[in-house]
Every structure is written in C-alpha cells, then in structure tokens.
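This report concerns only the one structure given below.
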Amino acid sequence: MNISHQVLEDDQDTADFHRFSHGLYIGGQWRQSADGREIQVVDPSTEAVIAAVPDATIEDAAAAVEAAAKAADGWRTTAPRKRSEILRRCFELMTQRSETLATLISLENGKALRDARGEIAYAAEFFRWNAEEAVRITGEFGIAPSGTNRIVVDYEPIGICVLVTPWNFPAAMATRKIAPALAAGCTVILKPASETPLTAYALAALYQEAGVPPGVVNVLTTSNPGPVTAAMLADPRVRKLSFTGSTGVGRVLLAEAAKHVVSCSMELGGNAPFLVFDDADLDAAVDGAMVAKMRNAGEACTAANRIYVQSGVYDAFGESLARRMSALKIGAGTDAATECGPMITRKAVDKIGRLVNDAVARGARVLCGGKAGSGMGYYYPPTVLCDVPAEAEMAHEEIFGPVAPISRFETEADVIARANDTEYGLAAYIYTRDLARGMRVASKIEAGMIALNRGLMSDPAAPFGGVKQSGLGREGGQHHGIAEFMEAKYLAISI
C-alpha cells in the first residue's frame, strides 16, 4: 500500500500514514490477500489513485474468523477494568492524532477538512463513552413469583461479530460498532467500504498501539463483499452482524444472516423530513438546515432530504437558504478553506443530477446550483430547489448530496402526513417556538430520532437508529449500544 499526496509532505505525523501500509490486519499481523490482488483508492477531489490495499478473498475471511475465535476466550475473560483502560487509550490516541486522521479522511473520502475533524472527535468519543460503560455491565437478581427459586440474569458477550461499515463516515461508523463490541467482551472483524479503507487500517494500527490484543479486532477490505461476508456469516462461530448502509443491501444481508440465525443490527437508509413552522425562529431554522443538509456535503443518512416550510415563512426561508448555500466554497477536501467537498464517486454525481433534473421537469424551480461542473473531481454544487412536488423522485429516494428540496405546507396535520409518507424512518427535524407543538408533532412523526430546534442529533450517549425500513436495533446510548453485543443468560436457583 503506497500513499503519496502533497498534503502529507509537511505533516508532522506523516509517518503514521505509513504504519498501516502492510496489508490486511488479521490476528495482529499485516498480510497481503491470498491471491495478491489489490483495490485502488481514489481521491474524489482529483480522481487520482492515491493508494492500493489488499483485496481479501474468502480464504482471507476464514483466516479472520479463525483469528477472532482464537482471541475470543482471552478477551471475554479480560477484567472489565482492563478492557475499559484499553478503550480509554484508544480515545486518547485518536484525540492526539486527530489532525492526521482527519487529513486522511479528507484525502480518501473528499469531505471538507472541517467535517473530517468533527468526525474524528465524534468517532473518538465512542471509545471514551464505552470505556466508561464497560465497567457498568450488570445483571439482574430477583425472586420468582412462586417464591420457589431465585432468578439470576447474567449478560455475556454474544460472540464473534462481523461489522460492515460505509464510506461516508469511515472512522465514526467503525468506532460506533467496535467500541461497544469490545466493551461487551466480543472480538470483531471489520469490513470497511472499499472506497475508504485507509482510515480503517490507520485505526487498526492505533488499536494495536493502545493495547488491543491480537485477533480482537481484524480488518479486511474486499471488492467482492457479498461472497466474503456470506462466508463469514456461514461460520457457526460468528454470532453477530452489524451493518450500516443502504436498505437494499441491508435486506440482502438480513436474508443471508437468517440462513444461519445470526443476530443482526441494521442502520439503514433515511429520508429525513425537515419541518419549519410559521412561528419558528427563521435564522435558527436556516442555520439548522445548513447543518442538517450540508454536514458531510449531504452524504449522510440523517441528512435533511425533504424540507417542508409553512406558507408564512416559505419565501423568506428559501431565499435565505439559497444565499447561504450559494456562498459555500467548493474545493478539495484537504483544503482548509473548503466548505463543500466532492462526492464520493462519479456515479454519485450522476445520481444527484438525475434527481435534480427529474424534480425540475416536474415543476421545481432552481434557486441556486442545479448543474454539475466540468473538470476533474466528483463535484456537485450546493443546490436549493423550491416548489418540489410530492411526486418528484427525490421526495422518495435519498439524495445523498448537497441538494436542498423545499416544499410548501399549510397545516400541521398535512405536514405530518407528508413527513410520514415514506418507507424510511431514521431521522426528522422540527423548528417551532411552540414547545407544545414541537412535542406533539414529534410524537406523531415516524422516526427513531428527532431533533427539535436543532440541526444535529447524533451523540454517543444517545441511542442511534430508525424504524420501518431504516433499520433494526440501536447504536450508542446508556446501555443500548453494548446490549446489541450481549446475550442474556437466565439461571434458576432453588431457595
């Protein structure tokens, strides 16, 4: 794996980029793939190949499961305090090297450096939070209603976990799974997205330095994810699948896991509504929309995908949002001045263009942006559309880009019905000065997470996840995240 890019030359931690340049990370060792093949990594800002990583085979996947199995007993019997200290050390190392890691994310993902810095801080926090929770895993004790026996419930590690993560948050989506799994006492195999593997390998080296024993965390990249993941799920020693990605792929993985009765956690697609009522603080609502829409250039499952604005503030909101969006600086993710970086691939740009063109053909008006530029790099400009009709494709499909579609609404009942008119139910946003209305509307919105007068909801201390086709289970929170990686064992003890 070779990495070369001008942005790295003057970085004091440049050496850290080369510490993970040894191949797949299996059993605490770096190795090439069984057949020697590699995956090229492209900088979305320039379309230049910046690295090559091993392309894992089914044989490599089997080796990763074997390594996780060998380490399983030692890790599950490690004292909770010891596990906690190792997780805390992971947090400290990520914090110390945050700038290096953020630059790496911007390089392979294209996201603006400011967003990458925020991601590293968020990703590291999962280690600190779960370090604190690792020593608080308790059981239950009671007396059976009959009075004949005691009921003792113990919580044990579920076993080997396969973790599949997406490209849009290459650090945070990994640590949000790895940290609670390790706190619970599980060993894991991480399969990161082939578009953004470098961050996963950099973090693997960091875990090793923090004291995570060999085999507890294994990392493999592959261009053949279906068969490789299926092979791991078919191994009876694998007892958990945690996946973040599209609903379509999630359905396929659920079916595969069902063949072997493997426990699943699924964080899937979103189609988040963003509701602005006439009585909202307009400036705050626009500020919130900029965060909810443009965090990670819109490449987020929680991104505001449908913006509904009540008639009284409709025109003012659209004009203000368009001014803010059109002023954003577009450029390479590694440029500190960039506010909107490129999309992940050319295919992503083409999809955004298709959705915008469809909306315009159906009557939507372009307030800013609306057309991809020419030249190198996968860029699409920040775009605001107004009068987007309900039948537009983007009202039913994730845009996953810097496009804000605005539609008008008149009544509370109307906007609730429109907000719920989707198969997804991950996130939603509500802006109103009337707290009673905010709570009332929130209770009727079908979503796992709702931000009231906020443009950001994610927090390691809160349960993350959705309803309907947006997934199963929760990540993060006081006990939800760790509980996904544990099994309850009941003992009946005679009195």
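Worth pointing out:
- Residue check for residue 389: within 22 Å of the chain's Cα centre (by Cα) and open to solvent by less than 60 Å² (accessible area, probe 1.4 Å): no
- Scan of the stretch 128-176 for residues that are hydroxyl-bearing (Ser, Thr, Tyr) and either within 22 Å of the chain's Cα centre (by Cα) or in a loop (DSSP other than H, G, I, E, B) (or both), ordered by number: 138, 146, 148, 165, 175
- Flag for residue 86 being aliphatic (A, V, I, L, M), open to solvent by less than 60 Å² (accessible area, probe 1.4 Å), over 19 Å from residue 334 (Cα atoms) and part of a helix (DSSP H, G or I): yes
- Identity of the residue in the stretch 433-482, closer than 24 Å to residue 277 by Cα and acidic (Asp, Glu), that ends up most open to solvent (accessible area, probe 1.4 Å): 446
- Applying the criterion of being outside any strand (DSSP E or B) and in contact (Cβ under 8 Å) with a residue 40 or more places away in the chain to the residues of the stretch 233-245, the residue that is most open to solvent (accessible area, probe 1.4 Å) is 237.
- Here is the figure for the stretch 48-76: residues that are among the charged types (D, E, K, R) and closer than 28 Å to residue 104 by Cα total 2.
- Qualifying residues in the stretch 220-230 (those that are aliphatic (A, V, I, L, M) and within 20 Å of residue 266 (Cβ to Cβ)) - the one most open to solvent (accessible area, probe 1.4 Å): 230
- Flag if residue 195 is among the charged types (D, E, K, R), within 22 Å of residue 266 (Cβ to Cβ), in contact (Cβ under 8 Å) with a residue 60 or more places away in the chain and surrounded by fewer than 24 Cβ atoms within 10 Å (Cβ to Cβ): yes
- For the stretch 10-25, the criterion of being open to solvent by less than 30 Å² (accessible area, probe 1.4 Å) and at pLDDT 95 or above is met by at least one residue.
- Residue within the stretch 251-259 that is free of Cβ contacts under 8 Å to residues at least 12 places away in the same chain and within 20 Å of the chain's Cα centre (by Cα) present: yes
- Within the stretch 136-152, residues that are among the acidic types (Asp, Glu) have Cβ atoms under 8 Å from residues that are assigned to a strand (DSSP E or B) in these pairs: 140/151; 140/152; 140/153, counting only partners at least 6 apart in sequence or on another chain.
- For the stretch 446-468, taking the residues that are under 14 Å from the mean Cα position of the chain (by Cα) and free of Cβ contacts under 8 Å to residues at least 40 places away in the same chain, the one that is farthest from residue 421 (Cα to Cα) is identified as 459.
- When restricted to residues that are assigned to a helix (DSSP H, G or I) and either open to solvent by 20 Å² or more (accessible area, probe 1.4 Å) or out of contact with any Lys or Arg (no Cβ under 9 Å at 6 or more places or on another chain) (or both), the stretch 45-61 contains 2.
- Tally, over the stretch 90-140, of residues that are modelled with pLDDT under 95 and touching an Asp or Glu at 6+ places or on another chain (Cβ under 6 Å): 1
- When 106, 33 are screened for being touching a strand residue (DSSP E or B) at 6+ places or on another chain (Cβ under 8 Å) and hydroxyl-bearing (Ser, Thr, Tyr), only 33 passes.
- If you check 121, 116, 64 for being out of contact with any Pro (no Cβ under 6 Å at 6 or more places or on another chain), closer than 30 Å to residue 380 by Cβ and open to solvent by less than 10 Å² (accessible area, probe 1.4 Å), only one passes: 116.
The values are calculated or read from the model by the stated rules, or taken from the named source; none is laboratory data. Computed from a predicted structure; not experimentally measured. Note that each Cβ is placed from the backbone with ideal geometry, even for glycine, and that neighbours are counted across all protein chains shown. These area figures cover heavy atoms from the full protein model, side chains too; ligands, DNA and RNA do not enter into them. Shrake-Rupley method; radii C 1.70, N 1.55, O 1.52, S 1.80 Å.
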